[in-house]
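Just so you know, all these numbers are worked out from the coordinates, no wet-lab data involved. Nothing here was measured: the structure is a model prediction, and the numbers come from that model. Glycine gets a Cβ as well: all are built from the backbone with ideal geometry, and neighbour counts include every protein chain shown.
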Amino acid sequence: MKQFLYHRPTTVKDLVETLMELGPSAVPIAGGTDLVVQMKDGAVAPEHVVDVMGVPELRGIHAGEDGAVRIGSATTLKTLMESTLILDRLPILAEAARTMACAEVRGMATIGGNVCSAVPSADMAPPLLALDAGAVIAGPLGRRTVGLGELFVGPRRTCLGAGEVLVELSVPRLGSSWTGTYLKYGPRGGMDLAVTGVAVVVSWDTATPARVADIRVALGAVAPTAFRAASAEDVVREAGVVDERVAGLCGEAAEAEAKPISDIRASEAYRRTLVRVLTARALMTCLHRRDAR
Ligand SMILES: Cc1cc2nc3c(=O)[nH]c(=O)nc-3n(C[C@H](O)[C@H](O)[C@H](O)COP(=O)(O)OP(=O)(O)OC[C@H]3O[C@@H](n4cnc5c(N)ncnc54)[C@H](O)[C@@H]3O)c2cc1C
């Protein structure tokens, strides 16, 4: 690996200023489980790495007064999985984190590093998209918030500009009655990047619990970026209910929206089938979870 200088600021202000001073030869590092692999491969060769883990503001999970849950970008997947706030309010995020890597990697890897890696298969992206999460970004001009979908510009490309870092992911308050799930297919069932990942969140009508108030479907690893499958959502909104037939139609609509490629892990056709099957299955899981409550 090419030699580099290591920097460890302790405030967001210092973090941004350090990145601005060092310019394009510097990159932020969090857990390093993605970046260091790339550095060893020679895919990237920064002269400076700027550690975000020493900034307390970037760590931890908090409930805001507006009902939102704010997750610091440098929060590890282990912390996420063990957080009572997450298990109680946003269990789909713990469910997704559990599918990732192994205990050792999850103890280092962060939620912010996962989304900022912007790989199409990043497992936290679909559930965060389905939760309508916003990304709070700090940079030389102050702070701004974008929808998570806007953060992803292309494979391994985000909308972050010079000196900008991801501060936190903010999940707005959901209705009082919702269920969700993240289903991932990887051939070995562990230590696998997603061949396809599907997140579905259904808000149920509180007055008529059998009816759908809203739905969000997000797909990973089947397009250049993770994305919301709008026409699959429309199928369910128009039906107003969830059953096997609607789940099948929703899966077909998601399949039509996916733009997978063939690569070493799966063919385009196989990924399309997975999108259809997993989307339908995820929707039925949401229904069963509602009935089980
Ligand atoms: C054995 C192994 C198994 C894995 N399995 C999975 C898996 O199942 N699913 C999966 O999705 N991934 C997997 N990964 C990839 C990786 O572990 C995850 O993407 C992880 O969440 C990355 O987080 P990190 O903190 O290590 O990021 P880092 O490697 O530190 O950074 C990743 C990228 O994000 C940028 N970055 C980090 N933090 C910020 C910030 N706050 N602001 C701006 N930019 C930032 C960095 O500059 C870098 O470009 C695996 C990796 C390994 C080594």
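Data overview
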{"quantity": "Dipole magnitude of segment 92-192 about its Cα centre (Cβ charges: Lys, Arg +1; Asp, Glu -1), debye to nearest 20", "calculated": "40 debye"}
{"quantity": "Rounded tilt (10° steps) of 12-22 against the dominant C-alpha axis of the chain", "calculated": "60 degrees"}
{"quantity": "Cα-based convex hull volume of segment 1-53 per residue, rounded to whole Å³", "calculated": "60 Å³"}
{"quantity": "Cut-off under 5 Å, modelled amide H: who pairs with Ala213 long-range", "calculated": "Ser203, Trp204, Asp205"}
{"quantity": "Charge sum, other residues only, whose C-beta stays under 10 Å from Thr179's C-beta, Lys/Arg counted +1 and Asp/Glu -1", "calculated": "+2"}
{"quantity": "Check: the chain dipole with +1 on Lys, Arg Cβ and -1 on Asp, Glu Cβ, in debye", "calculated": "420 debye"}
{"quantity": "Within-11-Å neighbourhood charge of Asp214 [Cβ basis; K, R +1; D, E -1]", "calculated": "0"}
{"quantity": "Unit charges at the beta carbon, dipole of segment 56-171: most positive-side option, Gly67, Ile86, Gly149", "calculated": "Gly149"}
{"quantity": "Pairs from Lys78/Lys184; Lys2/Lys184; Lys13/Lys259 whose Cα-Cα separation, in the structure shown, is over 30 Å", "calculated": "Lys2/Lys184; Lys13/Lys259"}
{"quantity": "D_trans [Stokes-Einstein, Kirkwood Rh over alpha-carbon pairs] for segment 178-292, 20 °C, 1.002 mPa s, µm² s⁻¹", "calculated": "153 µm²/s"}
{"quantity": "Segment 56-171 - convex hull of alpha carbons, volume per residue in Å³", "calculated": "101 Å³"}
{"quantity": "Dipole magnitude of segment 5-51 about its Cα centre (Cβ charges: Lys, Arg +1; Asp, Glu -1), debye to nearest 20", "calculated": "80 debye"}
{"quantity": "0 to 90° range, to nearest 10: angle between helix 244-257 axis and the chain longest Cα axis", "calculated": "40 degrees"}
{"quantity": "Which of Glu168, Glu104 has the fewest Cβ neighbours within 10 Å, and the rest in rising order", "calculated": "Glu104, Glu168"}
{"quantity": "Sequence ranges 186-193, 238-245, ranked by mean other-Cβ count within 10 angstrom, highest first", "calculated": "238-245, 186-193"}
{"quantity": "Simple label model, 7 Å out from Cα along Cβ direction - Arg173 to Ala256, nm", "calculated": "3.7 nm"}
{"quantity": "The chain - Rg over Rh from alpha carbon coordinates, Kirkwood radius", "calculated": "0.98"}
{"quantity": "Residues Arg290, Arg59, Arg276, Arg237, sorted so that the one with the fewest Cβ neighbours within 10 Å comes first", "calculated": "Arg237, Arg290, Arg59, Arg276"}
{"quantity": "For segment 104-230, Kirkwood radius (reciprocal of mean inverse C-alpha pair distance, Å)", "calculated": "15.5 Å"}
{"quantity": "Helix axis angle, 268-292 relative to the chain longest principal axis, alpha carbon, degrees", "calculated": "70 degrees"}
